[in-house]
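The values are calculated or read from the model by the stated rules, or taken from the named source; none is laboratory data. None of the values given here were measured: they were computed from a predicted structure. Using ideal geometry, Cβ is built from the backbone for each residue, glycine included, and neighbour counts are taken over all protein chains shown.
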Amino acid sequence: MSEKIKNNEASAVSNSVIKLKNAMAFERAGKHESALTSIEEALKLQPNYVDALIYKGILLDKFGMSNEAIKCFDKTIELKPTSLEAYHLKGATLVTLNKHEKAVECFTKAIELDPSDSELHLCLAAIFQKLKRFEEALNCYDKLLKQKPDDPRIHCLIGITLGNMGNSEKALDSFDEALKLKPDFTDAMIAKGVILGKLGRKDEAKLCAERILDLKGQTEEEKAAQNNSVNNSIKQEYQAAQKRLRESFASNP
C-alpha cells in the first residue's frame with residue numbers, strides 16, 4: 001500500500017471522528033437534523049464506523065424512526081458481534097415497539113457479554129413481567145439477589161413478581177425485607193399496602209397508607225431517588241448507554 005493511500009485512510013478516520021463529535025455537539029444544542037447530517041458525513045468517510053452507526057441509531061430513534069434505528073444496531077452487531085451497547089440499545093428500542101419476545105433475545109445476549117451488569121438483568125426481568133413470564137422474571141431477580149443480597153429494590157421486585165403469581169404471603173415477606181433494609185422505601189410500602197388490601201387486612205393496609213403520607217414530607221430529591229422502579233429501568237439503561245458513548249469521546253483530543 002502506498003504512503004499516499006495510507007495517509008488518505010488516516011485522514012478519513014480522523015475526519016470521521018471529528019464528524020461524530022460534531023454530531024454530539026449538535027444534539028446537545030438541540031440541532032437534531034444537523035446532528036444526523038454530521039453522522040451521515042462520518043459514515044460516508046467510514047461506512048463501517050461502529051460508534052457512528054450506534055449514534056445514528058440513537059438519533060433515528062429520537063426522530064421516531066425506530067425500525068431504521070434497529071437497522072443501525074443490526075449493522076453494528078454484524079461488524080462487531082461483541083458490541084454490548086448495540087444489543088441493549090436494540091433491545092430497548094424493540095421494547096418501545098412492543099416487540100418484547102425479540103427484546104428478550106437482545107438482553108439475553110447482552111447479559112452473556114456482561115453477566116455482571118445488574119441493570120441488564122433488571123431490564124430482562126422487566127420484559128418477562130410484561131410478557132407475564134413470571135417464573136423467568138423471578139429467576140432473574142434470584143440471580144441478582146445472590147450478587148446483591150442487601151439491595152432493597154431487588155427484594156421489592158421479587159415481591160411484585162410473587163404478587164403477580166398469586167403468592168401474597170411470600171410477596172409480603174419480600175416487601176418486609178425491602179423495608180427492613182430501607183424503611184423509607186415508598187414503592188415497597190405502596191406494594192405492601194396493595195397486597196394487604198387484597199387479603200382483607202384493612203388495618204395493616206391503613207398503617208401502610210399512613211406511613212406513605214408521612215414519607216410525603218420528604219424532599220423532592222429524596223423521593224426521586226426512591227422512584228427507581230421496574231417501569232423506568234429500561235429507559236434508564238437506554239440513557240446510560242448514550243451517556244457512555246458520549247463519554248468515550250469526551251476524553252479524546
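The table for this structure:
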{"quantity": "Pick from segment 212-246, criterion at pLDDT 75 or above and touching a Ser or Thr at 6+ places or on another chain (Cβ under 9 Å), ranking: surrounded by the fewest Cβ atoms within 10 Å (Cβ to Cβ)", "calculated": "I212"}
{"quantity": "Matching residues in segment 89-136 - criterion: being buried (at least 22 other Cβ atoms within 10 Å of the Cβ) and among the small types (G, A, S)", "calculated": "G91, A92, A103, A110, A125, A126"}
{"quantity": "Boolean, K71 is modelled with pLDDT of 90 or more, under 25 Å from A110 (Cα atoms) and crowded, with 22+ Cβ neighbours inside 10 Å", "calculated": "no"}
{"quantity": "Residue in segment 1-12 that is at negative phi, at pLDDT 90 or above, in a helix (DSSP H, G or I) and β-branched (V, I, T) present", "calculated": "no"}
{"quantity": "Search result, residues across segment 137-159 that are surrounded by 23 or more Cβ atoms within 10 Å (Cβ to Cβ) and touching a Phe, Trp or Tyr at 6+ places or on another chain (Cβ under 9 Å)", "calculated": "A137, C140, R153, I154, H155, C156, L157, I158, G159"}
{"quantity": "Residue tally, condition charged (D, E, K, R) and surrounded by 14 or more Cβ atoms within 10 Å (Cβ to Cβ), over segment 10-39", "calculated": "4"}
{"quantity": "Output for segment 40-63, where each listed residue is modelled with pLDDT of 90 or more and among the aromatic types (F, W, Y)", "calculated": "Y49, Y55"}
{"quantity": "Residue in segment 13-36 that is modelled with the lowest pLDDT, counting only those that are more than 22 Å from D74 (Cβ to Cβ) and of a type in the set (S, T, N, Q)", "calculated": "S14"}
{"quantity": "Filter result (more than 22 Å from the chain's Cα centre (by Cα) and either closer than 21 Å to K102 by Cα or among the basic types (K, R) (or both)) within segment 28-77", "calculated": "K31, K44"}
{"quantity": "Test for T108: is it of a type outside the set (G, A, S) and touching a residue at least 24 places away in the same chain (Cβ under 8 Å)", "calculated": "no"}
{"quantity": "Residues of segment 146-168 satisfying the condition of being farther than 23 Å from L131 by Cα and either hydroxyl-bearing (S, T, Y) or out of contact with any Lys or Arg (no Cβ under 6 Å at 6 or more places or on another chain) (or both)", "calculated": "K146, Q147, K148, P149, D150, D151"}
{"quantity": "Residue that is farthest from L157 (Cα to Cα) [pool: residues in segment 115-147 that are among the acidic types (D, E) and modelled with pLDDT under 95]", "calculated": "D117"}
{"quantity": "Near pairs, Cβ below 6 angstrom, 6+ apart or cross-chain, from segment 113-126 (farther than 13 Å from Y87 by Cα and without any contact (Cβ under 8 Å) to a residue 40 or more places away in the chain) to any residue that is surrounded by fewer than 22 Cβ atoms within 10 Å (Cβ to Cβ) and not small (G, A, S)", "calculated": "S118/L144; H121/L144"}
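Residue-wise test of (1) among the aliphatic types (A, V, I, L, M); (2) touching a Cys at 6+ places or on another chain (Cβ under 8 Å).
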| residue | (1), (2) |
| --- | --- |
| I54 | yes, yes |
| L59 | yes, no |
| K80 | no, no |
| H88 | no, yes |
| T96 | no, no |
| H100 | no, no |
